[in-house]
Amino acid sequence: MADRAEYRDFVVSRADRLLRTAYLLTRDWGTAEDLLQESLTKAWFAWPGIEEPEAYVRRVLVTTYTSWWRRRWRRELPSDTLPEQIAHDAAGAGREELWQAVGRLPAKQRAVIVLRFYEDLPVAEVARILGCHEGTVKSQTAKALAKLRVDESIVKESHL
């Protein structure tokens with residue numbers, strides 16, 4: 001019972017932040033919710049042996065997302081009806097183009113960018129979450145930033 005209460009407290013306190021991370025990986029709120037739900041389910045089964053729950057769930061998020069991306073996972077079907085237009089946020093001008101460009105990066109590079117720059121995690125922590133060497137994180141970051149720098153869809157005023 002104590003494990004169940006600890007798990008519930010963890011989910012309640014960290015779900016919003018983890019959902020934002022999942023969204024930045026998937027760029028779709030519905031898919032992000034599915035990704036988070038699957039990751040939290042995997043964490044539930046491993047819960048008694050997890051020493052650092054947030055790092056564990058982040059790693060599960062990234063590895064699950066990567067496996068979905070590799071097989072082009074899609075649960076939603078296209079629709080003929082378009083959603084209502086969202087008013088343009090002048091303060092966020094260029095932000096959408098940037099995130100679209102990040103969305104075009106390979107899965108590992110996108111994960112590194114999200115964890116390093118959105119989650120503001122140090123290289124060592126990202127390497128631990130992704131299960132790779134720090135040098136790999138650095139090289140994937142450099143490659144991702146190089147791709148973003150030459151992406152013509154990003155507003156030129158942004159300086160990466």
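Every number in this text was worked out from the coordinates using simple rules, so none of it is lab data. Since we're looking at a predicted model, the values are computed, not measured.
Numbers at a glance
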read-out: Segment 104-120 and segment 10-59: distance between their alpha carbon centers, rounded to Å; value: 16
read-out: Rounded to whole Hz, the Karplus (6.51, -1.76, 1.60) HN-Hα couplings of segment 25-42, x for glycine and proline; value: 6, 9, 6, 8, 5, x, 5, 4, 5, 4, 4, 5, 4, 5, 5, 5, 5, 4
read-out: Using θ = phi - 60° and Karplus 6.51 cos²θ - 1.76 cosθ + 1.60, couplings along segment 6-13 (whole Hz; Gly, Pro as x); value: 4, 4, 4, 4, 4, 4, 4, 7
